[in-house]
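Novice: Once you've had a glance at the structure underneath, I'll fire off some questions.
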Amino acid sequence: MNDFQAGRPLVLRGGTVLPMDGRRVLPDTDVLVTGDTIAAVGPGLEAPEGAAEIDASGGIVMPGMIDTHRHMWQTALRGYGADWTLTQYFVWFYLEYGKLFRPEDVHAGNTLAAIEAIDAGVTTVVDWSHGLRTPDHADAAADALRSVPGRYVLAYGNIQQPPAEWATAPEFRDFVRRRITGDGMLGFQMAFDVLGDPSFPEQPAFEVARDLGVTVTTHAGVWGATGDDGIRLMYEHGFMAPGTIYVHAASLSADSYHRIAATGGSVSVSTESEQSAGQGYPPTWAIRSHGIPVSLSMDTSVWWSGDLFSAMRATLGADRSREHLEAHAKSETVTHCALRADQVVDWATRGGAAAIGRDDLGTVAPGQKADLVLIKNDGSPVSFPLLNPFGHVAFQAQRGDVHTVLVNGRVVKHEHRLVGIDLAAARAGAERTIDHLKGEMGEEAWEKGMNPDIPTTKVLDNPYTYTDYRSDSTHRL
Ligand SMILES: [Zn+2]
């Protein structure tokens with residue numbers, strides 16, 4: 001029944017291959033996969049006896065995309081916050097209703113998000129999992145990620161407790177020991193934010209990360225919540241380590257960008273999020289000039305769908321838009337685009353791989369892990385003519401054009417249909433979460449949450465309650 005049994009070699013025939021080693025395009029090229037690895041890339045490859053074949057002609061073969069920041073646990077609330085600001089998101093999740101999420105709700109969100117990712121050709125997702133209130137929540141998150149055949153990095157966090165508390169709890173170490181096995185399909189990071197309090201209450205969490213040899217990912221440069229003070233404190237205490245991922249990195253000064261560049265960090269840009277929620281103007285136009293490595297992310301399906309076609313398109317648009325605006329303000333005209341389509345495709349693939357320290361992902365070359373996407377849709381008028389493959393991926397293609405997806409050599413989507421995925425079970429799980437939340441909140445609060453106004457008594461910016469620290473840049477004094 002299954003043409004793609006484990007261990008059977010597979011060849012993608014005659015596609016336009018984007019190897020992601022610069023702007024090179026390989027027309028009419030085959031990609032041979034054996035086991036979990038890309039064995040060969042070239043024209044007219046001889047396939048081993050019994051190899052499965054997929055006709056990639058007319059399509060684009062590229063590396064699986066990598067999302068470096070997605071709050072997967074929130075996915076059952078798909079579209080609920082379409083009209084929210086960041087403040088409304090903070091009030092809803094951090095102060096009011098995030099506590100209602102049970103382990104099974106984290107499981108439901110993660111499962112749906114994981115399926116959504118592979119369907120869109122996003123083969124690796126960093127699950128920025130800051131709803132892990134108990135070890136049971138954390139186990140549920142890991143169980144869900146293990147149940148869907150994508151590649152993940154669990155970035156462990158808990159917005160309901162100070163980082164210094166959850167990160168130093170014995171249960172946390174126990175979880176890492178039990179669940180993180182280093183098998184390449186489930187990586188690990190620690191996820192928490194730095195508020196700028198001069199007493200640096202996040203220090204113990206950084207020490208745990210250093211002790212475990214774990215990367216820290218942090219929302220840095222979020223208007224009203226985290227800014228230059230947090231970056232400076234991390235720097236002064238020696239915790240801006242190579243590999244650290246700074247999410248958003250908007251609303252920061254050049255000084256902070258210098259510190260990120262100098263210490264070997266990278267920035268995860270969530271352009272759609274920054275545009276709608278208000279962390280700051282999507283920063284690629286600024287951080288490009290500092291030579292800071294970039295990856296892309298989509299943040300949360302509470303607003304946006306979990307695909308990186310949208311992220312690439314939005315990022316290219318926002319970057320160019322800013323350059324035009326800056327020029328017009330000086331009565332000048334931009335005559336050449338600085339940011340090219342191939343650059344955002346690079347950020348969505350190789351950039352993500354570099355950010356998470358996986359040089360075996362993000363490119364199409366012999367010896368690389370076989371995480372591959374075939375974009376091909378013979379029934380679509382948008383599939384031809386295929387003149388500019390990078391431009392096609394960034395500005396023309398979308399989720400529905402994802403024909404085939406491989407993760408670690410395994411076919412998880414073929415001919416536009418998910419393979420071996422129980423979507424009905426994922427739907428039922430999401431529905432149980434919605435029933436639970438509606439039941440606990442009450443119908444009126446549920447409806448109001450979707451169509452919010454903000455009570456004046458609420459905290460309107462930095463929602464963290466573990467410190468009384470306030471400054472001009474976070475709270476109006
Ligand atoms: Zn986020």
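The values are calculated or read from the model by the stated rules, or taken from the named source; none is laboratory data. Nothing here was measured: the structure is a model prediction, and the numbers come from that model. Ideal geometry is used to build each Cβ from the backbone, glycine not excepted, and the neighbour counts take in all protein chains shown. All accessible areas refer to the heavy atoms of the entire protein, side chains included, with ligands and DNA or RNA removed. Shrake-Rupley method; radii C 1.70, N 1.55, O 1.52, S 1.80 Å.
Novice: Of all residues in segment 343-361, which are assigned to a helix (DSSP H, G or I) and of a type in the set (Asp, Glu)?
Specialist: Answer for segment 343-361, where residues must be assigned to a helix (DSSP H, G or I) and of a type in the set (Asp, Glu): just 346.
Novice: Take the conditions among the small types (Gly, Ala, Ser) and within 16 Å of the ligand (Cβ to nearest atom) and apply them to residue 352. Does it pass?
Specialist: Working: among the small types (Gly, Ala, Ser): yes; within 16 Å of the ligand (Cβ to nearest atom): yes.
For residue 352, the condition - among the small types (Gly, Ala, Ser) and within 16 Å of the ligand (Cβ to nearest atom) - is met.
Novice: Here is a follow-up. Residue 469 fails exactly one of the following numbered conditions: (1) open to solvent by less than 70 Å² (accessible area, probe 1.4 Å); (2) more than 30 Å from residue 104 (Cα to Cα); (3) modelled with pLDDT of 95 or more. What is the number of that condition?
Specialist: (3)
Novice: A follow-up question, please. Does residue 197 satisfy the criteria of being away from the ligand (no atom under 16 Å from the Cβ), within 20 Å of residue 357 (Cα to Cα) and assigned by TED's automatic domain parsing to the domain that holds residue 131?
Specialist: Criteria not met by residue 197.
Novice: Starting from residues that are crowded, with 24+ Cβ neighbours inside 10 Å and more than 16 Å from the ligand (Cβ to nearest atom), keep the ones in segment 258-283 and report whichever is nearest to the chain's Cα centre (by Cα).
Specialist: So the residue we want is 265.
Novice: Out of (1) surrounded by fewer than 22 Cβ atoms within 10 Å (Cβ to Cβ); (2) in contact with a Gly (Cβ under 6 Å, 6 or more places away or on another chain); (3) not aromatic (Phe, Trp, Tyr), what's the single condition that is false for residue 56?
Specialist: Unmet condition: (1).
Novice: For segment 238-257, give me each residue that is part of a loop (DSSP other than H, G, I, E, B) and either touching a residue at least 24 places away in the same chain (Cβ under 8 Å) or within 16 Å of the ligand (Cβ to nearest atom) (or both).
Specialist: 239, 240, 241, 243, 244, 249, 250, 251, 252, 253 - these are the residues of segment 238-257 that are part of a loop (DSSP other than H, G, I, E, B) and either touching a residue at least 24 places away in the same chain (Cβ under 8 Å) or within 16 Å of the ligand (Cβ to nearest atom) (or both).
Novice: Taking segment 14-28 as the region of interest, how many residues are open to solvent by 10 Å² or more (accessible area, probe 1.4 Å), in contact (Cβ under 8 Å) with a residue 24 or more places away in the chain and in a strand (DSSP E or B)?
Specialist: Of the residues in segment 14-28, 3 are open to solvent by 10 Å² or more (accessible area, probe 1.4 Å), in contact (Cβ under 8 Å) with a residue 24 or more places away in the chain and in a strand (DSSP E or B).
Novice: Of the conditions (1) hydrophobic (A, V, I, L, M, F, W, C); (2) more than 16 Å from the ligand (Cβ to nearest atom); (3) open to solvent by less than 40 Å² (accessible area, probe 1.4 Å), residue 190 fails just one. Which one is it?
Specialist: The one condition residue 190 does not meet is (2).
Novice: Now for a different question. Could you pull out the residue among 132, 86 that is within 22 Å of residue 189 (Cα to Cα), in contact with a helix residue (DSSP H, G or I) (Cβ under 8 Å, 6 or more places away or on another chain) and within 16 Å of the ligand (Cβ to nearest atom)?
Specialist: Testing whether each residue is within 22 Å of residue 189 (Cα to Cα), in contact with a helix residue (DSSP H, G or I) (Cβ under 8 Å, 6 or more places away or on another chain) and within 16 Å of the ligand (Cβ to nearest atom) leaves just 132.
Novice: If we keep just the residues of segment 288-303 that are more than 14 Å from residue 68 (Cβ to Cβ) and over 12 Å from the mean Cα position of the chain (by Cα), which is surrounded by the fewest Cβ atoms within 10 Å (Cβ to Cβ)?
Specialist: Residue satisfying both the conditions and the ranking: 291.
Novice: Mind telling me which of the residues 430, 426, 370, 394 ends up being crowded, with 22+ Cβ neighbours inside 10 Å, more than 24 Å from residue 311 (Cα to Cα) and not assigned by TED's automatic domain parsing to the domain that holds residue 264?
Specialist: 426
Novice: Another question, then. Across segment 289-316, what is the total count of residues that are more than 12 Å from the ligand (Cβ to nearest atom), at pLDDT 95 or above, touching a strand residue (DSSP E or B) at 6+ places or on another chain (Cβ under 8 Å) and within 22 Å of residue 358 (Cα to Cα)?
Specialist: Residues in segment 289-316 being more than 12 Å from the ligand (Cβ to nearest atom), at pLDDT 95 or above, touching a strand residue (DSSP E or B) at 6+ places or on another chain (Cβ under 8 Å) and within 22 Å of residue 358 (Cα to Cα): 8 in total.
Novice: Being in a helix (DSSP H, G or I) and among the acidic types (Asp, Glu) is the filter; apply it to segment 66-110 and report the residue that is least open to solvent (accessible area, probe 1.4 Å).
Specialist: The residue in question is 105.
Novice: Confirm whether residue 16 is away from the ligand (no atom under 16 Å from the Cβ) and in contact with a helix residue (DSSP H, G or I) (Cβ under 6 Å, 6 or more places away or on another chain).
Specialist: It is true that residue 16 is away from the ligand (no atom under 16 Å from the Cβ) and in contact with a helix residue (DSSP H, G or I) (Cβ under 6 Å, 6 or more places away or on another chain).
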